[in-house]
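Structure first, commentary second.
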Amino acid sequence: MKKSFSVTERNKAAMRRFETMINTNDKALADELICADALFQTPVSPTPLKGGTGYLSVVDFMRSGFSDVQWKAQQMIAEKNIVAVLWHLTGTHNGTFLGVKPTHQKISTTVMNFYYFNENGQIINDIAADGMIGILRPLGLCQ
């Protein structure tokens, strides 16, 4: 007999695949996991980014400054259509980032994101808590 999964379990499973997507920059997986009409507000763009391609443009932005950037889900809590993930982010500042030339400084920080899913199990929104400080501090951009 086939086991059925709850919406919460389905969304947590999608987030485990999402981790693979952002670490491999997999466009096909992004298009599968992220609703094509989803709009994402981000400080790296004056206009909302749309769908999987838009989401991966943020990943590309991070990779332009930290070519080895990796995200690892440390904790995940889900309730109905929302999944909260505490990410551990690591990388080496080996490219220009926010106008700062490479320092070759290693970063290691945590960031928290809340992901919202539609009834089809696709991400429709991502709200990020302020985790930029952990990236900016090692580069000397803040105290």
In this structure, does K2 turn out to be among the basic types (K, R) and at pLDDT 95 or above? no
Out of all the residues in region 89-113, which are assigned to a strand (DSSP E or B) and among the aliphatic types (A, V, I, L, M)? L89, V100, I107, V111, M112
Within region 83-103, of all residues that are surrounded by fewer than 16 Cβ atoms within 10 Å (Cβ to Cβ) and touching a strand residue (DSSP E or B) at 6+ places or on another chain (Cβ under 6 Å), the one nearest to E32 (Cα to Cα) is H88
Here are some conditions: (1) surrounded by 15 or more Cβ atoms within 10 Å (Cβ to Cβ); (2) assigned to a loop (DSSP other than H, G, I, E, B). F5 meets all but one. Which one does it not meet? (1)
M76 passes all but one of the listed conditions (1) without any contact (Cβ under 8 Å) to a residue 40 or more places away in the chain; (2) surrounded by 16 or more Cβ atoms within 10 Å (Cβ to Cβ); (3) aliphatic (A, V, I, L, M); the exception is number (1)
Among the residues of region 42-63, are any within 15 Å of G121 (Cα to Cα), without any contact (Cβ under 8 Å) to a residue 40 or more places away in the chain and touching a strand residue (DSSP E or B) at 6+ places or on another chain (Cβ under 7 Å)? yes
Selection from region 11-64 of residues within 13 Å of the chain's Cα centre (by Cα), within 20 Å of N81 (Cβ to Cβ) and not in a helix (DSSP H, G or I) yields I34, F40, Q41
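The values are calculated or read from the model by the stated rules, or taken from the named source; none is laboratory data. This one's a predicted model, so the numbers in the text were calculated from it and none came from an experiment. FYI the Cβ positions are ideal-geometry reconstructions off the backbone, even for glycines, and counts take in every protein chain you see.
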